[in-house]
Amino acid sequence: MKAIINGKIVLPSSIVEGMALVYDEKIEGIRPQDEIGDCEEVIDAKGQYVMPGLVDMHIHGYLGEDASDGSADGIRKMAEGIAKNGVTSWLPTTMTVSYDTLREAFKAISTVMEESKKDDFNGAEIMGVNAEGPFINPAKKGAQAGEHIRPCDPDFINEYADLIRVFTVAPEMKGNLAAIRRIHKEHPEILISMGHTSATYEQAQKGVRAGVRHVTHLFNAQTPLMHRDPGVVGCALTESRLSTELIADTFHVNKALFKLVADVKKDKLVLITDCTRAGGMPDGEYTLGGQPIFVKGIECRLADGTIAGSVLKLNEAVRNMHNNYRRLPLHKAVKMASLNPARAIGIDDRKGSLEEGKDADIFLADENMNVSRTILRGRTIYQA
């Protein structure tokens, strides 16, 4: 048994001080510090926050690597890199690329996914794949490669149903509603997300009735909120069945909207990074989905100026949400990047919070979200 003392323990609804978090591979509970008994390891948090490991359900790349590359070594490098940001669970996210490229990417991700469940793996655990495309609308492709866009394909999803946790689809495209209905019926465990879409509000509602339960990066690459045509954004904000992603880097979405979205979506709001291979790297030229992107500060763009992913880290997203929504308790900001995404992708029975019986996925950080230690299933995988 192990314990963390002298920390501020972040729970889903509060922050607890003066207590110890006791764990082994699973969370054993929260006890008075003088009642932890004999422990094989006692970590002194020295006043830092003790938080549930973060869950990044939408991340394309990091440290020069990309999930669509089909490189197992690249996936391993990403897993180790994001662990330094407090991430303990993630979904490598592919782009709109050819089926052959997707198959190679899925093969590499599946290989590392099995490795990540073992006790000698020093990176964040892979929980499956997020396939952002290729079933999207060319008119809202953003940084996606238009030549690889195709109608939604239930047979392809069925082929990888044991791996795909989330996929993005434009419900207004011909044949896609029928495909959504079939996939939702055959694989209700797969989260169907609406994104890169020109759907009207009514078409978005039809998507929800067919089985859509999530929205890919709210506001970006979708129809905006207008007072007579609420669009996809209006559907996302008003439909209680939809969980909703937000890239809280203060560039993709103006920080003035953080409070509005958080107040409306509550536990259905999920912070994501949408990070590219440029994440953790210096400014310069990189690629995304085979296209060149140019990075300067927090901005990633194609040559024509189109926004192309981010370089955001998930701990930074938590900090940005907390700092730019005044009076938002930290535990609520943390929940947006831990329990909320865990619930969205159906792993909240074992991930996403420091509740008894769940995996001991933990990270320690100061008030600015600078991470000092990350723990996966009770084992330290990163220490500053």
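Computed from the coordinates by the stated procedures, all read-outs in this text should not be read as laboratory data. None of these values were measured; they are calculated from a predicted model. Cβ: placed from backbone, ideal geometry, glycine included. Neighbour counts: every protein chain shown.
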(request) Quick one: of K268/K313; K296/K351; K84/K185; K206/K296; K2/K117, which pairs are farther than 31 Å apart, Cα to Cα? (result) K296/K351; K84/K185; K206/K296
(request) Choose one of A83, T101, A72: the residue whose Cα lies farthest towards the positive end of the charge dipole of the stretch 25-155 (beta-carbon charges +1 Lys, Arg; -1 Asp, Glu; about the Cα centre). (result) T101
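Among the trypsin sites (Lys or Arg not before Pro) in the stretch 1-61, which ones are in a DSSP loop with at most 13 other Cβ atoms within 10 Å of the Cβ? Mind listing them?
Details: sites: K2, K8, K26, K46; in loops: K46.
Answer in residue order: K46.
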(request) Using DSSP to define loop residues, name the trypsin sites (Lys or Arg not before Pro) in the stretch 86-164 whose beta-carbon has at most 14 other beta-carbon atoms within 10 Å. (result) K117, K118
(message) What do you get for the angle between helix 201-210 and the principal long axis of the chain? Use alpha-carbon atoms, 0 to 90 degrees, nearest ten.
(response) 70
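Quick check on the chain: take the gyration tensor over C-alpha atoms, sort the square-rooted eigenvalues as a ≥ b ≥ c, and tell me if it's rounded (a/c under 1.5), prolate or oblate. Each step should come with its number before you reach the end.
Values: a/c = 1.68, a/b = 1.53, b/c = 1.10.
Here the chain falls in the prolate category.
When a/c is below 1.5 the answer is rounded, else prolate if a/b is larger than b/c, else oblate, so apply that to the stretch 232-384 with a ≥ b ≥ c taken from the square roots of the Cα gyration tensor eigenvalues.
Oblate.
Within the stretch 169-211, list the trypsin sites (Lys or Arg not before Pro) lying in a DSSP loop whose Cβ has at most 11 other Cβ atoms in a 10 Å radius. Before the final figure, lay out each step's value.
On the way: sites: K174, R181, R182, K185, K206, R209; in loops: K174.
Answer in residue order: K174.
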(request) Compare the Cα positions of M173, Y286, V16 along the charge dipole of the chain (+1 at Cβ of Lys, Arg; -1 at Cβ of Asp, Glu; about the Cα centre) and return the one farthest towards the positive end. (result) M173
(request) Calculate how many DSSP beta bridges within the chain are antiparallel, expressed in % of all such bridges and rounded to the nearest 5. (result) 50
(request) Would you mind counting up the charge near R241? Only other residues with Cβ under 12 Å from its Cβ, with Lys and Arg at +1 and Asp and Glu at -1. (result) +3
